[in-house]
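Chemist: Have a look at this one.
The values are calculated or read from the model by the stated rules, or taken from the named source; none is laboratory data. Predicted model, so just to flag it, every value in this text is computed and none were measured. All Cβ positions, even for glycine, are placed from backbone atoms using ideal geometry, and neighbour counts span all protein chains on display. We work out accessible area using only protein heavy atoms, side chains counted, and drop any ligands, DNA or RNA first. Shrake-Rupley method; radii C 1.70, N 1.55, O 1.52, S 1.80 Å.
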Amino acid sequence: MPTATPSQNSVTPDRHFLDHAATTPLRPEAREALIANLGLSNPSGQYATARAAKRVLEESREEVAELLGADPIEVVFTSGGTEADNLAISGLYFKSPGSEIAVSAIEHDAVLKSCSHLEKEHWAKLVEIPVAADGRVDLERFPELERRSTALVTCMWANNETGAIQPVTQVAELAHAARVPLHIDAVQAAGHLPIDFHASRATTLAVSAHKFGGPRGIGALLVRRDAKLAPHNNGGGQERGLRSGTQDVASAAGMAAGLRAAIADMESEDARLRELTADLTAAIRAIDGAIVHTVQPALPGHVYASFPGAEADSLIMLFDAAGIDCSTGSACSAGVNRPSHVLLAMGVSEPVARASIRFTLGWTTTRADIEAVKAVLPQTVERARAAGMA
């Protein structure tokens, strides 16, 4: 049986992890709750051991609900943010008389590809929500919404690449006025920004545990009591009949513990991370020709920048060799580096978009991590530019 190496479980001394937007290391509180409940039974049984598991599951649900401003019955556990987004979008679409889905071009692929699937296979019509140059939904050019024709609106709370916080309050007002369901992808925001599901006016809202220090492989879709959704799968009727299957009780407990810890630290972490990102941003701006795409208001730990003339893949490999973990905002397919769809939607040129990399900080980030990036940044960009664009 293979065993995990220390680097798979934690941030190691010889590495500087700056990719928290992809996944953040497991918080001690979440690890403790996860391990403590690994041996629990199937919570759907009628006997004492099953009831014990059911109690932990429901207590975890209650805690997640309280922390996110929802009722316990509105918390539907899923395998993560991707499943939550898919369940919301397809579930709302199939219960709506309308066929139009209003969606911005900066959404995560979990949303965009779910919408595209409905367009190709189920006659949905996608209506693009325009995006301004700062990476936020352009409210002045927001499309018309009409209850009989618009099935749903989907808008993320904060962008996973730029960190840009979206005007979800105003989007919710527009959707509410038109009586159109609203889905919010809050995967990047949960645990980092205050979230009140009821106050948001969203119909559904997706979160993922590993983005705030909970276990991987679990998330939740918050679904209003009166919302009508088609189930994602069929079976024993667990999770309000929307997501049948035996629940992962240990992960639910770990998710609740991780979310509680993240929210408890939110205010102090916001100030600490903003200080570190400001320092890193200043170092990036000192590089000739560098362009910073993260514009406030944004998540506290995001710094997304382009270094024109340097291929993003080259930058990533050079930083990796220097012991620094960061990422691109692009998707690679068959060895071809593709520019970020988010930057292209913002009006950034393709060559500049192909030169973009993302640093994202989180609860394990230290001053030493930032100093490590600053120490190698100038020569890394110089070497990547010398290699040229593919």
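Chemist: Out of all the residues in region 43-79, which are of a type in the set (A, V, I, L, M) and open to solvent by 20 Å² or more (accessible area, probe 1.4 Å)?
Modeler: If the condition is that a residue be of a type in the set (A, V, I, L, M) and open to solvent by 20 Å² or more (accessible area, probe 1.4 Å), then A48, A52, V56, L67, I73 are the ones that fit.
Chemist: Mind checking which pairs have a first residue in region 235-248 that is farther than 15 Å from R61 by Cα and of a type in the set (S, T, Y) and a second that is part of a strand (DSSP E or B) and open to solvent by less than 40 Å² (accessible area, probe 1.4 Å), Cβ under 8 Å, 6 or more apart or different chains?
Modeler: Qualifying pairs under 8 Å: none.
Chemist: Taking the stated definitions as given, is R148 of a type outside the set (D, E), open to solvent by 60 Å² or more (accessible area, probe 1.4 Å) and either modelled with pLDDT under 95 or over 16 Å from A230 (Cα atoms) (or both)?
Modeler: yes
Chemist: Hey, could you check region 292-324 for residues that are over 11 Å from L377 (Cβ atoms), part of a helix (DSSP H, G or I) and not hydroxyl-bearing (S, T, Y) and say which is least open to solvent (accessible area, probe 1.4 Å)?
Modeler: A312
Chemist: Looking only at residues that are touching a Phe, Trp or Tyr at 6+ places or on another chain (Cβ under 9 Å) and open to solvent by 10 Å² or more (accessible area, probe 1.4 Å) in region 192-217, which one is farthest from I165 (Cα to Cα)?
Modeler: If we take residues in region 192-217 being touching a Phe, Trp or Tyr at 6+ places or on another chain (Cβ under 9 Å) and open to solvent by 10 Å² or more (accessible area, probe 1.4 Å), then S200 is farthest from I165 (Cα to Cα).
Chemist: With respect to L34, determine if the residue is hydrophobic (A, V, I, L, M, F, W, C), at pLDDT 95 or above, under 22 Å from the mean Cα position of the chain (by Cα) and more than 30 Å from A375 (Cβ to Cβ).
Modeler: yes
Chemist: Quick check on R240: is it in a helix (DSSP H, G or I) and on the phi > 0 side of the Ramachandran plot?
Modeler: Answer is yes for this residue.
Chemist: Please determine whether any residue of region 6-21 is modelled with pLDDT under 95 and over 26 Å from the mean Cα position of the chain (by Cα).
Modeler: yes
Chemist: Still on this structure, please answer the following. Kindly list the number of the only condition in (1) among the polar types (S, T, N, Q); (2) open to solvent by 50 Å² or more (accessible area, probe 1.4 Å); (3) in contact with a strand residue (DSSP E or B) (Cβ under 6 Å, 6 or more places away or on another chain) that fails for T82.
Modeler: (3)
Chemist: Only one of (1) surrounded by fewer than 21 Cβ atoms within 10 Å (Cβ to Cβ); (2) touching a residue at least 60 places away in the same chain (Cβ under 8 Å); (3) touching a helix residue (DSSP H, G or I) at 6+ places or on another chain (Cβ under 9 Å); (4) part of a helix (DSSP H, G or I) is not met by D270, so which one is it?
Modeler: Of everything listed in (1) surrounded by fewer than 21 Cβ atoms within 10 Å (Cβ to Cβ); (2) touching a residue at least 60 places away in the same chain (Cβ under 8 Å); (3) touching a helix residue (DSSP H, G or I) at 6+ places or on another chain (Cβ under 9 Å); (4) part of a helix (DSSP H, G or I), D270 misses just condition (3).
Let's see how each residue does on (1) open to solvent by less than 60 Å² (accessible area, probe 1.4 Å); (2) in a loop (DSSP other than H, G, I, E, B); (3) closer than 24 Å to H293 by Cα:
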| position | (1), (2), (3) |
| --- | --- |
| A227 | yes, yes, no |
| G235 | no, yes, no |
| G254 | yes, no, no |
| A262 | yes, no, no |
| T277 | yes, no, yes |
| L280 | yes, no, yes |
| A283 | yes, no, yes |
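Chemist: So L92 clears everything in (1) over 18 Å from G245 (Cβ atoms); (2) surrounded by fewer than 21 Cβ atoms within 10 Å (Cβ to Cβ) except one condition, right? Which one?
Modeler: Of the numbered conditions (1) over 18 Å from G245 (Cβ atoms); (2) surrounded by fewer than 21 Cβ atoms within 10 Å (Cβ to Cβ), the odd one out for L92 is (2).
Chemist: Please work out which one of (1) in a helix (DSSP H, G or I); (2) farther than 27 Å from R31 by Cβ is the condition G289 fails and give its number.
Modeler: For G289, the exception is condition (1).
Chemist: Which residue pairs have Cβ atoms closer than 9 Å, lie 6 or more positions apart in sequence or on different chains, and pair a first residue in region 134-148 that is touching a residue at least 60 places away in the same chain (Cβ under 8 Å) with a second residue that is small (G, A, S)?
Modeler: Partner pairs satisfying both residue conditions: D134/A164; G135/G163; G135/A164; G135/A298; G135/A345.
Chemist: Among the listed residues A102, A110, A70, A53, which satisfies the condition of being small (G, A, S), modelled with pLDDT of 95 or more, under 22 Å from R243 (Cβ atoms) and touching a strand residue (DSSP E or B) at 6+ places or on another chain (Cβ under 6 Å)?
Modeler: Being small (G, A, S), modelled with pLDDT of 95 or more, under 22 Å from R243 (Cβ atoms) and touching a strand residue (DSSP E or B) at 6+ places or on another chain (Cβ under 6 Å) holds for just one of A102, A110, A70, A53, which is A70.
Chemist: Against the conditions (1) in contact with a strand residue (DSSP E or B) (Cβ under 8 Å, 6 or more places away or on another chain); (2) closer than 27 Å to I195 by Cα; (3) free of Cβ contacts under 8 Å to residues at least 40 places away in the same chain; (4) not β-branched (V, I, T), where does G301 fall short? Just the number, please.
Modeler: (3)
Chemist: If a residue has to be touching a strand residue (DSSP E or B) at 6+ places or on another chain (Cβ under 6 Å) and assigned to a loop (DSSP other than H, G, I, E, B) to count, how many in region 176-200 make the cut?
Modeler: 6
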